[in-house]
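Chemist: Encoded as structure tokens, here's the structure I'll be asking about.
Throughout, read-outs are computed from the coordinates displayed, never taken from laboratory work. The structure presented is a predicted model; accordingly, all values stated were derived computationally and were not measured. Note that we place each Cβ from the backbone using ideal geometry, even for glycine, and neighbour counts take in every protein chain shown.
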Amino acid sequence: MRRTIRADQRTIKTLGRRDHEDRRGAYRQYVSYRLCVTHIPLIMEFLEALAKGWPMLLALIGLIIVLAKMDIKIAVLEEKVKSLFEIFNRKDK
């Protein structure tokens, strides 16, 4: 809403622009307040779940690491067994 004053057209437009910027700033503050108010409980629930579930998360990460190392060691053992059988079969010929 523009202010009605008796001045030249440029002054009226400037005042109108200021009012619009003031309203936009107030709206931004309102939106940021509403986002904070509505999202704080969600963030708190997430943090509580994280606090309760961190041992399971840590165990899952550890399990993934152990399985990856085990896969590498099994692949190395397979190669060793193959080469051992090849050597053993050459010896018999």
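Chemist: Once Rh for region 30-75 is found with the Kirkwood sum over Cα pairs, what is the Stokes-Einstein diffusion coefficient at 20 °C and 1.002 mPa s, in µm²/s?
Modeler: Diffusion coefficient, whole number: 160 µm²/s.
Chemist: Pop a pseudo-label 7 angstrom from the Cα along the beta-carbon direction at both Phe46 and Ser83 and give the gap in nm to one decimal.
Modeler: Inter-label distance under the simple model: 5.0 nm.
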